[in-house]
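Heads up, the thing below is written out as structure tokens.
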Amino acid sequence: MPEWVYVSDIARHQGQEVVLKGWLYNKRSSGKLHFLQVRDGTGVIQCVVSKSDVSPETFQLADHLSQESSLSVTGTVRADPRSPIGFELAVKSLAVGQVAQDYPITPKEHGIAFLLDHRHLWLRSARQHAILRVRSEVIRACRDYFDGHGFTLLDAPIFTPAACEGTTTLFAVDYFGDTAYLTQSGQLYMEAGAMAFGKVYCCGPTFRAEKSKTRRHLTEFWMLEPEAAFMELDEYMEFAEAMVCAVVTQVLERRRADLQVLERDLARLEAVRAPFPRLSYDEALSRLLDAGKPLPWGEDLGGDEETVISAAFERPVFVHHYPARCKAFYMQPERDRPDVVLAADLLAPEGYGEIIGGGQRIHDLPLLEQRLQEHHLPEHVYQWYLDLRRYGSVPHCGFGLGIERSVAWIAGIEHIREAIPFPRLLNRLYP
């Protein structure tokens, strides 16, 4: 019985008879030959059905196969320099699992609304395969980096009793007669973890009820969030910089072919090297003023402002020391300038905006209690968080890296909705 193999392993089986199991991606015929493009999730290979090599029934069956029909193909692996993968399969027999009828996504152009309605099928296309393989590699590279630097993976809860980033963007959920919220961030829980393990991280879905329709926003997105005890602002920026460089390098090494499918300008990614430029918030405002895009002091940078600032650099750029009033309640103030906090965001080049947001957290109990009052947050639900400042508090830092924004930037895709398998948008909850 021939061995069942995957397309990704086909090079190891040259000259051997094997079985491939997958779906018909495309097909063309030329007289006594049928050329079946078969995909199995790991790649696509051309399977050549010659009238002289198979039974009349098999040749007839191959002629009537429809797009996305499932099948099992037995044949001999042979080298072919014209093939994108260097090999093809000379078919001896095939069996059909299910004949797909009227597959809705055809080679013709389809509108984005149609494709999103059929996202469960759109995932089968070469472009979406490439994007989501890049996504998988980005997550793997991040986790490799943290695991290799002594961080412990600590999963954060999805249901939370209180806000992390702001009360206006919470999804409320009935929780057995009480009110819970879908998490905006795992950060507060990672702070608890950092006080227990020293260095921790989580990676999971987060939710923001933002009524935004930009190419940078989702209502459900994934974040990777590390937190480290005894880390301060400059150390955080150095660590985040090194991590981003490592992630881009690993994606270039392992997913170059996928980036080429996406027609990504690889030179732009190869330019991502340390050190990254660093601008204070005040310096960023000066640049915006010079560019004719003035922003009042105290306002957070929006997408347009981030694009103007990052356009001056080939590499990601840090903007640091933001006004306290545009950042979250837990940010540590600058010692000599309390209206400014020790926060730093990393802006990706090419107009992709903020991919990392973070900074140093308040470690002083009275100051944190004061901030909760100023932000009108209910102190009783943060008692556990305040305990972290009562029992062995130390300076600590952390950040959140948005997976989809990072993938969109690295893959060079226009809209964040393609950077996640099933996007959740302001006007989309299906499929």
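Listing for the model above:
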read-out	value
Contacts under 7 angstrom Cβ, first residue in segment 141-158 being more than 20 Å from Gly402 (Cβ to Cβ), partner surrounded by 13 or more Cβ atoms within 10 Å (Cβ to Cβ), 6 or more apart	Gly150/Lys199; Thr152/Phe197; Thr152/Lys199; Thr152/Val200
Segment 85-113, residues that are in a loop (DSSP other than H, G, I, E, B) and under 15 Å from Ser66 (Cβ atoms)	Val99, Ala100, Gln101, Asp102, Tyr103, Pro104, Ile105, Thr106, Pro107
Check on Gly193, small (Gly, Ala, Ser) and part of a strand (DSSP E or B)	no
Segment 258-291: number of residues that are touching a helix residue (DSSP H, G or I) at 6+ places or on another chain (Cβ under 9 Å) and without any contact (Cβ under 8 Å) to a residue 12 or more places away in the chain	1
Test: residue in segment 311-320 that is within 28 Å of the chain's Cα centre (by Cα), farther than 23 Å from Ala229 by Cβ and free of Cβ contacts under 8 Å to residues at least 40 places away in the same chain	yes
Filter pass, Pro226 being over 12 Å from Gly402 (Cβ atoms) and either at pLDDT 95 or above or in a loop (DSSP other than H, G, I, E, B) (or both)	yes
Residue check for Met195: under 29 Å from Asp155 (Cα atoms), open to solvent by 30 Å² or more (accessible area, probe 1.4 Å), out of contact with any Asp or Glu (no Cβ under 7 Å at 6 or more places or on another chain) and aliphatic (A, V, I, L, M)	yes
Residues of segment 305-351 that turn out to be closer than 22 Å to Asp290 by Cβ, open to solvent by 10 Å² or more (accessible area, probe 1.4 Å), of a type outside the set (Gly, Ala, Ser) and not in a strand (DSSP E or B), as a count	10
Residue under evaluation Glu220, criteria (1) open to solvent by 30 Å² or more (accessible area, probe 1.4 Å); (2) closer than 27 Å to Thr42 by Cα, criterion not met	(2)
Among (1) open to solvent by 10 Å² or more (accessible area, probe 1.4 Å); (2) touching a strand residue (DSSP E or B) at 6+ places or on another chain (Cβ under 9 Å); (3) under 22 Å from Val340 (Cα atoms); (4) of a type outside the set (A, V, I, L, M) - the single one Gln373 does not satisfy	(2)
Candidate set from segment 377-390 (those that are touching a residue at least 40 places away in the same chain (Cβ under 8 Å) and out of contact with any helix residue (DSSP H, G or I) (no Cβ under 7 Å at 6 or more places or on another chain)); member that is surrounded by the most Cβ atoms within 10 Å (Cβ to Cβ)	Leu377
Residue check for Leu252: hydrophobic (A, V, I, L, M, F, W, C), more than 16 Å from Glu404 (Cα to Cα), buried (at least 17 other Cβ atoms within 10 Å of the Cβ) and within 17 Å of the chain's Cα centre (by Cα)	yes
Filter result (under 30 Å from Glu253 (Cα atoms), assigned to a helix (DSSP H, G or I) and open to solvent by 30 Å² or more (accessible area, probe 1.4 Å)) within segment 137-179	Ile139, Arg140, Arg143, Asp144, Tyr145, Asp147, Gly148
Close pairs from segment 405-419: first under 19 Å from Gln250 (Cα atoms) and outside any helix (DSSP H, G or I), partner open to solvent by 30 Å² or more (accessible area, probe 1.4 Å) and of a type outside the set (Ser, Thr, Tyr), Cβ under 9 Å, at least 6 apart	Gly412/Glu263; Gly412/Asp265; Gly412/Arg268; Gly412/Glu350; Ile413/Arg127
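The values are calculated or read from the model by the stated rules, or taken from the named source; none is laboratory data. Please read these numbers as outputs of a predicted model, since none were measured by experiment. Positions of Cβ are generated from backbone atoms using ideal geometry, with glycine treated the same way; all protein chains shown enter the neighbour counts. Surface areas here come from the heavy atoms of the whole protein model, side chains and all, with no ligands, DNA or RNA. Shrake-Rupley method; radii C 1.70, N 1.55, O 1.52, S 1.80 Å.
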